[in-house]
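Here the structure is laid out as structure tokens; the discussion comes afterwards.
Here, each number is a calculation from the coordinates, and none is a lab measurement. Just so it is clear, the model here is predicted, and its values are computed rather than measured. Quick reminder, even Gly has a Cβ in these numbers, built from the backbone with ideal geometry, and neighbours come from all protein chains shown.
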Amino acid sequence: MIVYILKRLAIAVPTLLVLIIASFLLMHAAPGGPFTSERQVPPEVLANLNAKYGLDQPLWKQIATYLSNVVMHFDFGPSFTYKDRSVNDIIAQGFPVTLTYGSLSFIAAVLVGVSLGVTAAIKRNSWLDYFAVGISIGAQVLPNFVMAPILVLIFTLTLHWLPGGGWSFDDPRFWIMPVVALSTSYMASIARITRSSMLEVLNSNHIRTARAKGLPSRKIILRHALKPALLPVISYLGPAFVSMITGSVIVDVYFTTGGIGKSFVDSALNRDYAVMMGITILLGTLTILFNLVVDIIYGWIDPKIRY
Amino acid sequence: MKPLIAISAIALMLGGAAPVFAQSSHVPAGTKLAKDQSFTYWLQDDLKTLDPDLSTSKDGNDVLQQMFDGLYQQDDHGNLVPAMAESFDVSDDKLTYTFHLRDEKWSNGDPVTAQDFVYAWQRLADPKTASEYAWYIELMQVKNAHDVIQGDKPVSDLGVKALDAHTLQVTLETPIPYFRQMLVLSSTFPVPEKVVKEYGSDWTKPEHMVSNGAYTLKSWKIGESIEMTKNDKYWDAANTTLTDLKFIPIQDLNQALTRYQAGELDFVQTPAGQYPRLKDEYPDQAHAPPRSCVYAYRFNVGPNGPEALKDVKVRQALSYGINRDIIIDKILKGGQKPAYSWTHWATAGFKAPDIAYAKWTDKERMDKARELLKEAGYGPDHPLKLRIMYNTSSDHKKIAIAVQQFWKQLGVEATLENFEWKVYLDKLNTQHDFDVARTAWCADYNEASTYLDVNTSWSDQNSGQWSNAEYDKLMKDSKTAADPQADYTKAEQILATDMPLAPIYDYSLPMLLNAHIKGYPFDNVQLNWYAKNMYRTAK
């Protein structure tokens, strides 16, 4: 097991390296640069800017400098757009926000999604099943950029219960709408995957055996069916968790949360090479990490899987 | 004198005192003020910096001028009022300005000195700072600015000196009549040398930031908000009524409108085309004051532009063919005005020339345009084909479609090309790869040269690469002319004839402003507002 984990982590290093170099090259290939602005900057000023941010160096040298700063000093450099903030500052401000509403969304999506899926599977073809499937289809077809304005219309403009945007770590009223807007479509996917895999498991031989033994159906479902039924759900949850905690641009923009989902998209639009790289590396690292976590959980749930 | 008595005494002197506690001189006597003196302002885009030497946007300027006092500010009508500069002397050759500074303190208690200005201006020009707005100090004609920016001379050679703690001397390369008007912009604000040197680029973080204006920074969360509180050490704190300011960046105007309706914003720009409806719904909150920016279609007459546009007849025909009234009445609907000159109509001192086609009827313009195109050799068998380029945005698209239709009536086949912002800028300013491009220009200061300088052959902003010797000469002469306004009018006449661009409309700022917020400068064409002059009335 430990050897396996070490092996996986060893592969992660070249994977990240490829990711960094590929993003770096792609980004520099995009037309325009961080200092292209509506008010054309005179050549002498542009030269100073390029010198300050190292853009006057050959590309291979820029990559090498960047990598050495990241590896040796954990320094992702200054933002090209936010002139008095470093990439570390921007991630330190935005990541806790997305991590908070992302984790809450994850918990909400898993709890509601799995319950709906399991209920639907057990009560197959009953009104409960139709109800659960109906909800999950509804949630799936309502994208968050539609959800968000609807929520604001109801809870802010009509009922005056919740603030229409902004963020506070101390006041949960600011968290509710971002969490609902972000979690619904994940919740729907989880419900669908749970339902279909649960149905499959319920029809399998070991459940039939358990029933034949006369075990109470509660025990059958919780102890024998749920565990294997959750395997496909878990492989979905790894990447889903990463994309939730790194935020959603729609949620960040609509609710002005100040999360890094918006910073990521803005950095691409502004050609803010440094922020773009920083968040890409964060996303990449988390994705690799949580895929590994998923694989470890797999082994723990399903004894057939051995590393 | 104890502070409280001092405050009351000042208030009494200024004549606006209420009996119980001092009320600001900006507040008319008898006004019932709200207990909560906060103001929440909408920003289209997140600020990129709070460092005056690095700031590059109008929004940034709006925010920074609450926190810093530069040499001058503007009153409600856009006229200069002294801020740090209590008085000034100018030499006979108009090349040396000496400013006598107010005795003011930074928010950490240190005195603001002339050296803080010297340091700030040197820092703005310093190649090591690499400020995108370093060109502004060149535009101000400060001596040696160009060489300092280029790194050919040390920053100490810049034409700015502290004669003593309260006397600042500026030397110019060439005299410019509007020099003092340029000193309102945040790029010219002082910065606290000691603090900047101690914390480097971290000096603008709330825990370190020191400023000399009516407000100090409380928090700044990128993408969420910027908050400020009243600076009690400010020299005019007794007359500052609003106590808390908050700026919230919301890109989408419809969503900003929702937040306004929810009472979370006191100010918001209305989405395109929605102004009339909102004016009906909120008559006491909807306003559309003029705003000093112009929207135009620029023709590419440079080497990368199409052959057709090098013919002045074609350019004239295309400009005549644009029906500005329809664009304003049917698409924008927010108090904009049709533009036939490049300079915004409300610019201080500017007198537009008599532009004939501005007065023609729709039919006259179209007939004349057809005639010109025919003379240029275009007709049904040989239609003129052009590309209209704009950056991706539904508002620009609507205008482009309208123009495409207007030109279709002239037999011109125009295709629309939209690009993401940075790609568009690259094509416009760097590659000059376009036929006709949507552009806009906003005033840096309230004087016509801020617009007209753009079209000189040496301007970096002249993306259509138009060059006209007579125009260049006029603009050069205007710098030393006793009355530059006459030159500006002549320059506009050349633009209207040689038509390097087709002006389309002069901006307004269609907005909603909380009816309880008073003192917003609607008549200031740059809409430079100062929260210290504003207040909130009780409901």
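With charges only on Cβ, +1 for K and R and -1 for D and E, what is the dipole size of region B:174-262 about its Cα centre, in debye, rounded to 20? Before the final figure, lay out each step's value.
Working: 10 positive and 10 negative charges, 23 e Å.
My answer is approximately 120 debye.
Work out Dmax and Rg for region A:148-307 from the C-alpha atoms and quote the Rg first, both in angstrom.
So, for region A:148-307, Rg and Dmax equal 20.7, 65 Å respectively.
Put one equal scatterer on each alpha carbon of the protein assembly as shown, apply the Debye formula with no solvent term, and list log10 I(q)/I(0) at q = 0.04, 0.05, 0.08, 0.11 1/Å to two decimals.
-0.22, -0.34, -0.83, -1.38
Averaged over all directions, how much area does the convex hull of the C-alpha atoms of region A:70-140 cover when projected, in nm²?
The number I arrive at for region A:70-140 is 7.5 nm².
Given the convex hull over the Cα atoms of region A:94-172, what projected area results after averaging over all orientations, in nm²?
Working: hull surface 26.0 nm².
Approximately 6.5 nm², given one-decimal rounding.
Could you work out the relative contact order of chain B? I mean the mean sequence separation of Cα pairs under 8 Å and 6+ apart, divided by the number of residues, in percent.
It comes to 20 percent, rounded to a whole number.
Principal axis extents for region B:402-502, Cα atoms only, whole Å, descending order, please.
46, 32, 24
Project the alpha carbons of chain B onto their principal axes and report the range along each, largest first, in whole Å.
Its Cα atoms span 87, 58, 40 Å along the three principal axes.
Relative contact order of chain A, please, whole-number percent, based on alpha carbon pairs below 8 angstrom and at least 6 residues apart. Each step should come with its number before you reach the end.
On the way: 353 pairs, mean separation 81.8, N = 307.
Relative contact order, chain A: 27 percent.
Please give the calculated 222 nm ellipticity per residue for chain B, where each DSSP H segment of at least 4 residues contributes -39500 (n - 2.57) and the sum is spread over every residue; nearest 500 deg cm²/dmol?
On the way: 15 runs with 140 residues, N = 539.
Mean residue ellipticity, 222 nm, calculated: -7500 deg cm²/dmol.
Report the Rg/Rh value for region B:168-221, based on alpha-carbon coordinates and the Kirkwood definition of Rh.
1.09
Convert each backbone phi in region B:492-499 into a coupling constant with the Karplus relation 6.51 cos²θ - 1.76 cosθ + 1.60 (shift: θ = phi - 60°), then list the ³J(HN,Hα) values in order as whole Hz, x for Gly and Pro.
So the J values, rounded to whole Hz, are 4, 4, 5, 4, 6, 9, 7, 6.
Among B:S508, B:V184, B:Q115, which residue has its Cα positioned farthest towards the positive end of the charge dipole of the protein assembly as shown, with +1 placed on the Cβ of Lys and Arg, -1 on the Cβ of Asp and Glu, and the dipole taken about the Cα centre?
Farthest towards the positive end: B:S508.
Once phi is turned into ³J(HN,Hα) by the Karplus curve 6.51 cos²θ - 1.76 cosθ + 1.60 with θ = phi - 60°, what whole-Hz value does each residue of region B:155-169 show in order, with x for glycine and proline?
4, 5, 7, 4, x, 9, 9, 9, 6, 8, 4, 10, 10, 10, 10
With runs of 4+ DSSP H residues as the only contributors, calculate the mean residue ellipticity of chain A at 222 nm using -39,500 (n - 2.57) per run, divided by the residue total and rounded to the nearest 500.
Rounded to the nearest 500, it is -24000 deg cm²/dmol.
Hey, what do the phi angles of region B:339-351 turn into as Karplus ³J(HN,Hα) couplings, whole Hz, using 6.51/-1.76/1.60 and θ = phi - 60°, x for Gly and Pro?
Calculated HN-Hα couplings, in order: 10, 10, 10, 6, 6, 4, 4, 8, 4, 4, x, 7, 10 Hz.
Across the residues of A:259-267, average count of Cβ atoms on other protein chains within 10 Å? Let's see the in-between values first.
Details: counts 3, 2, 1, 6, 3, 0, 0, 5, 0.
Mean shielding count: 2.
Cα-Cα over 23 Å: which of A:K61/B:K422; B:K359/B:K473; B:K218/B:K532?
A:K61/B:K422; B:K359/B:K473
How far, in degrees from 0 to 90, does helix B:58-67 lean away from the longest principal axis of the Cα atoms of chain B, to the nearest 10?
That helix lies at roughly 10 degrees to the long axis.
For region B:516-539 and region A:235-299, write down the distance between their C-alpha centroids in whole Å.
Centre-to-centre (Cα) distance: 41 Å.
Where does helix A:273-301 land angle-wise versus the long Cα axis of chain A, in degrees 0 to 90, nearest 10?
20
To the nearest 10 degrees, how steep is helix A:2-29 against the longest Cα principal axis of chain A, on a 0 to 90 scale?
So the inclination is approximately 50 degrees.
Please report Rg over Rh for region B:279-334, where both radii come from the alpha carbon positions and Rh follows the Kirkwood definition. List each step's numbers first, then the result.
On the way: Rg = 17.3 Å, Rh = 14.5 Å.
Computed over Cα atoms, the ratio is 1.19.
Tell me, how many Å apart are the Cα centres for region B:330-401 and for region B:111-164?
One Cα centre to the other: 41 Å.
State the Cα centre-to-centre distance between region A:10-87 and region B:224-299 in whole Å.
35
Quick one, can you get me the convex hull of the C-alpha atoms of region B:235-392 expressed as volume per residue in Å³?
216
Quote the convex hull volume per residue of region A:123-237, based on C-alpha atoms, as a whole number of Å³.
Measuring per residue, one finds 146 Å³ for the Cα hull of region A:123-237.
Provide, for q = 0.23, 0.29 Å⁻¹, the log10 of I(q)/I(0) from a solvent-free Debye sum over equal Cα point scatterers in region A:1-65.
At q = 0.23, 0.29 Å⁻¹ the computed log10 ratios are -1.02, -1.23.
Just want the ordering: B:W441, A:W161, from fewest to most Cβ atoms lying within 10 Å of their own Cβ.
Ascending Cβ contact count within 10 Å gives the list A:W161, B:W441.
Could you please rank A:F106, B:F117, A:F290, placing first whichever residue has the fewest other Cβ atoms within 10 Å of its Cβ?
Final ranking by Cβ density, sparse to dense: A:F290, A:F106, B:F117.
Specify whether the C-alpha gyration tensor of region B:93-155 places it in the rounded, prolate or oblate class, a ≥ b ≥ c being the square roots of the eigenvalues: rounded for a/c under 1.5, otherwise prolate if a/b is larger than b/c and oblate if not.
oblate
Can you return the aspartates and glutamates within cross-link range of B:K105? Criterion is Cα-Cα under 17 Å, with same-chain partners fewer than 8 residues away left out.
Filter leaves B:D69, B:E86, B:D116, B:D164, B:E193, B:D232, B:D236.
When a footprinting reagent is the concern and you count Cβ atoms within 10 Å, what order do B:L265, B:L47 take, fewest first?
Least to most surrounded, the residues fall as B:L47, B:L265.
Would chain A count as rounded, prolate or oblate if I go by the C-alpha gyration tensor, calling it rounded below 1.5 in a/c and otherwise prolate when a/b exceeds b/c, oblate otherwise?
Note, shape of chain A comes out oblate.
Assign one of three labels to region B:18-104, namely rounded, prolate or oblate, based on the Cα gyration tensor with a ≥ b ≥ c the square roots of its eigenvalues; rounded applies when a/c is under 1.5, prolate when it is not and a/b is larger than b/c, and oblate otherwise.
In terms of gyration-tensor shape, oblate.
How large is log10 I(q)/I(0) at q = 0.11, 0.22 Å⁻¹ when the Debye formula is applied to the Cα atoms of region B:112-231, each weighted equally and without solvent?
Log10 I(q)/I(0), no solvent term: -0.41, -1.31.
Please compute the Kirkwood hydrodynamic radius of region A:1-156 from all pairs of different C-alpha atoms, in Å with one decimal.
After inverting the pairwise mean of 1/r, the radius is 21.1 Å.
Which residue, chosen from A:V45, A:T81, A:I135, occupies the Cα position most advanced towards the positive end of the dipole of region A:1-136, where the dipole is computed from +1 (Lys, Arg) and -1 (Asp, Glu) charges on Cβ about the Cα centre?
A:I135
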